[in-house]
Structures are given as C-alpha cells and as structure tokens.
Amino acid sequence: MARVVPVVDGRPSPLARYLLLAYVLLIIYASLHPFSGWRDHGVGAFAFLAGGLPRYITSFDLITNFAAYLPLGFFALLALHPQVRGVPALAVAGLAGCCLSLALEALQTYLPSRIPSNLDVATNGLGVFAGAGLALAFGVDLLGRGRMHALRHRWFVSGHRYDFGLVLLALWLFTQLNPVTLLFGNGDLRGLLEPAPGVLHPATVFIQAEAMVSACNLAAVGLFASCLTQDGQPLRRLLLALLAGALTLKTVAVGVLLKAQNEFAWLTPGALLGLAGGLGILMLAVALPRGARRALAGLLLMAATVLVNLAPENPYFADALQQWPQGYYLNFNGVTHLVSLAWPFVALFYLMLLSPRADKL
C-alpha cells in the first residue's frame with residue numbers, strides 16, 4: 001500500500017514548480033518554432049521596441065498572446081509561494097514573465113518566419129500579470145488549504161515523484177490537441193525518417209491498426225494514472241473521467257484546428273474498436289497489484305509506440321492533412337506535435353524511476 005505523506009501548509013509546491021517548468025518549455029518552443037533559418041539581418045535584437053505598432057493587428061493575435069501567458073503568471077506565482085507572498089510575489093512573477101517574453105521576441109529577430117512585435121510583448125505582459133493576479137486571489141488558497149489541494153492529496157499519492165507523474169498525465173491530455181495522429185497514437189517517429197514507399201492495403205488493415213494503437217495506448221495511460229492514485233479511491237470512475245476529458249479535447253482539436261465539418265471525424269471504426277477493447281482491458285487490469293500495473297503499463301506503452309510506427313498511413317487522412325490550412329495554429333501545432341512525439345518515451349523512463357519499494361509501504 002502506498003504511504004500517504006502528510007502535507008504541511010506553508011511548504012512550496014513541487015507540483016506548481018513542475019507545471020511552471022513544463023509550461024515555460026512549451027512557451028519557448030512555440031515562440032521559436034520552427035528553429036530553422038537563423039540569420040542576422042543587421043537589425044538590433046531589441047530594435048522592434050522602438051518601432052511603431054504592427055501594420056496588421058487582429059483580435060485573434062491579441063487574445064492569443066494574452067491567453068498564452070496567463071497560465072505562465074498563474075504557475076509562476078504558485079511556484080513562488082510561500083517564500084514570496086502577496087504583492088511582491090505578483091511583481092516577481094509578472095516581471096519574470098515579461099522578461100521571458102522580451103527575450104523570446106528578441107530572438108525572433110533572427111528567425112525569418114517570425115516577426116518580433118512590441119505589441120506582443122505588451123499583451124504577453126498583461127497576460128502574465130493577469131494570471132499572477134488570479135493566482136494571488138484564488139490560486140494560493142487552492143494550493144494551500146482549498147478544495148483542489150485536498151482533492152490532490154486524497155486522490156493521488158503525495159511526493160515529488162508523483163507530482164511529476166501528474167504533470168506527465170496533464171501533458172498526455174495536451175497531446176490530444178494534436179489532430180494529425182491516430183487516436184491516442186503518440187510517439188510517431190516516422191516524420192524524422194525517410195518516408196517509406198507507399199503500399200496499397202485493404203481498408204481492414206487501417207481499421208485493425210488504429211484499433212490496436214488506440215487500445216494499447218488507452219490501457220497503458222489508464223494504468224499509468226492508476227500508479228499515481230491512492231489505494232481505496234474509486235479508480236475506475238477516475239479513469240473514465242480521464243478518458244472523457246481526452247475525447248473532449250480530441251473533438252475540439254478536430255473541429256477547431258483541423259476545421260473538419262464533423263467534429264467527430266476522429267471516431268472511425270478503428271477508433272471505436274480500440275476504445276472498446278482498451279477500456280475492457282483497463283477495467284480488468286486495474287484490479288492487479290500496483291507493481292503489476294506499472295509493469296503492464298510499460299509493456300503496453302512500448303507495444304503502442306511500435307505499433308504506431310508500423311501502422312500504414314491512411315491515404316484519405318494524409319490527403320486531408322495536405323490540404324489543412326494551419327494558419328494561426330502553426331506554432332501551437334508544432335508544440336503539440338513535439339509533446340506527442342516525446343511523451344511515451346518520457347513516460348517509460350518515468351515508470352522505470354518509480355521505486356518498487358513504494359508498493360510495499
């Protein structure tokens with residue numbers, strides 16, 4: 001049985017700091033994507049600050065820049081608590097976020113595909129301070145004494161390692177916003193390699209491949225989540241809620257990002273079979289001891305990653321992606337693709353790091 005570590009109010013939150021680190025890395029990647037074509041145009045890195053406002057300003061850009069930095073300010077203030085509190089914490093979190101935004105905009109000077117903007121810095125800064133203000137008003141109580149704090153420690157095992165696992169689980173949900181993968185099909189490395197010559201396959205092959213990929217990944221992620229959960233909690237209910245959240249995000253990704261006429265275009269015959277099979281395996285496997293669940297999660301993750309790289313490409317889906325106008329979402333899609341590619345490998349390494357001794361405590 002996993003030991004419940006008592007939580008003392010007033011200690012810094014490892015979970016908040018892990019979330020902050022993960023979000024900072026995502027912001028950096030999205031801001032500098034695609035990391036190619038660097039060159040010096042003979043313009044100072046901060047020359048954009050003295051320039052006029054951009055010629056074309058859209059409400060979408062303003063809202064996106066504000067919204068992208070709002071969670072950064074929120075996580076930054078929570079990460080500072082309780083060493084820095086109140087207005088000083090708001091100032092430190094806000095100024096740190098502004099410095100990050102300024103540095104990234106300056107680096108964009110050397111990227112031909114990006115245009116640095118003083119207005120971006122301003123809206124990013126407003127987002128950081130707004131997020132820090134929300135954390136100051138509501139987040140600190142949730143972190144230290146509120147309902148979210150109580151739920152976290154009632155449902156999940158306490159400790160730094162499990163906080164990191166929860167961040168990985170949040171990143172898995174984030175990968176569902178990548179509309180270009182098979183359902184739950186993370187870890188596809190084929191884009192980094194030479195494309196294989198096309199081979200004709202009957203439709204049943206695509207159905208079977210997606211079913212196996214979806215089923216293995218669903219069962220693996222569910223077992224991964226079960227390794228973080230306290231004994232005695234309604235585990236199956238929690239896993240069903242996790243699945244519902246993932247499918248909701250997938251529907252949003254297909255409808256908004258892919259601009260498909262049918263938001264449920266992802267619900268193919270293969271995906272349906274995979275959901276049914278994976279859910280059935282998961283509901284049975286959660287009855288296993290914690291150590292067996294961890295080992296099975298690792299095996300299923302490895303199997304799912306191999307399968308997603310062996311699965312034949314669906315020509316209809318590939319054609320739809322070639323006509324996909326990514327537009328405003330180009331950099332966001334680059335981030336979701338990166339996290340989707342790396343997630344199973346990081347999760348496997350994390351499962352290996354979980355100490356078997358914890359299962360006996």
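Say each of Ser36 and Val92 gets a label point 7 Å from the Cα, pointing the same way as Cα to Cβ; how far apart are those two points in nm?
Reported label-point gap for Ser36 and Val92 is 4.1 nm.
In what sequence do His153, His41 fall when counting other Cβ within 10 Å, fewest first?
Details: His153 15, His41 9.
Fewest-to-most Cβ neighbours within 10 Å comes out as His41, His153.
Could you give P(r) for region 50-106, binned at 10 Å from zero, as whole percent values over all Cα-Cα pairs?
Each 10 Å bin holds this share of Cα pairs: 21, 42, 27, 10, 1.
Assign unit charges at the C-beta atoms only (+1 for Lys and Arg, -1 for Asp and Glu), then state the dipole size of region 14-152 relative to its Cα centre in Debye, rounded to the nearest 20.
On the way: 8 positive and 5 negative charges, 81 e Å.
Charge dipole of region 14-152: 380 debye, to the nearest 20.
Let me know the charge dipole size of region 179-310 about its Cα centre in debye, to the nearest 20, where only the beta-carbon of Lys, Arg (+1) and Asp, Glu (-1) is charged. Intermediate results must be reported in sequence, preceding the final value.
On the way: 8 positive and 5 negative charges, 72 e Å.
Value, rounded to 20: 340 debye.
What ³J(HN,Hα) values, in whole Hz, does the Karplus curve 6.51 cos²θ - 1.76 cosθ + 1.60 give for region 212-220 when θ = phi - 60°, with x put for Gly and Pro?
Coupling constants for region 212-220: 5, 4, 5, 5, 5, 5, 4, 5, 5 Hz.
Name the residues whose placed amide hydrogens come within less than 5 Å of the amide hydrogen of Phe156, ignoring near sequence neighbours (fewer than 5 apart) on the same chain.
For Phe156, whose amide H was placed from the backbone, the distant partners under 5 Å are Gln230.
I want to check the label-to-label distance for Phe345 and Thr248. Put each point 7 Å from Cα in the C-beta direction and report it in nm to one decimal.
Result for the modelled spin labels: 3.2 nm.
Taking θ as phi - 60°, what are the ³J(HN,Hα) couplings along region 106-119 by the Karplus curve (6.51, -1.76, 1.60), each to the nearest whole Hz, with x for Gly and Pro?
After applying 6.51 cos²θ - 1.76 cosθ + 1.60, I find 5, 5, 5, 4, 9, 10, x, 7, 10, 10, x, 8, 5, 5 Hz.
Let me check I have the definition right: for region 14-152, take the eigenvalues of the Cα gyration tensor, multiply each by 5, take square roots. What are those semi-axes in whole Å, largest first? Before the final figure, lay out each step's value.
Numbers: eigenvalues 194, 44, 32 Å².
Whole-Å semi-axes of the equivalent ellipsoid: 31, 15, 13.
Once the piece of chain linking Arg85 and Ser59 is laid out straight, how much longer is it, given 0.36 nm per residue of separation minus the C-alpha distance between them?
Values: separation 26, 0.36 × 26 = 9.36 nm, distance 3.38 nm.
So the extension gain works out to 6.0 nm.
Computed from the coordinates by the stated procedures, all read-outs in this text should not be read as laboratory data. Quick caveat, the model's predicted, so the values are computed rather than measured. Backbone-built Cβ (ideal geometry, glycine too); neighbour counts: all protein chains shown.
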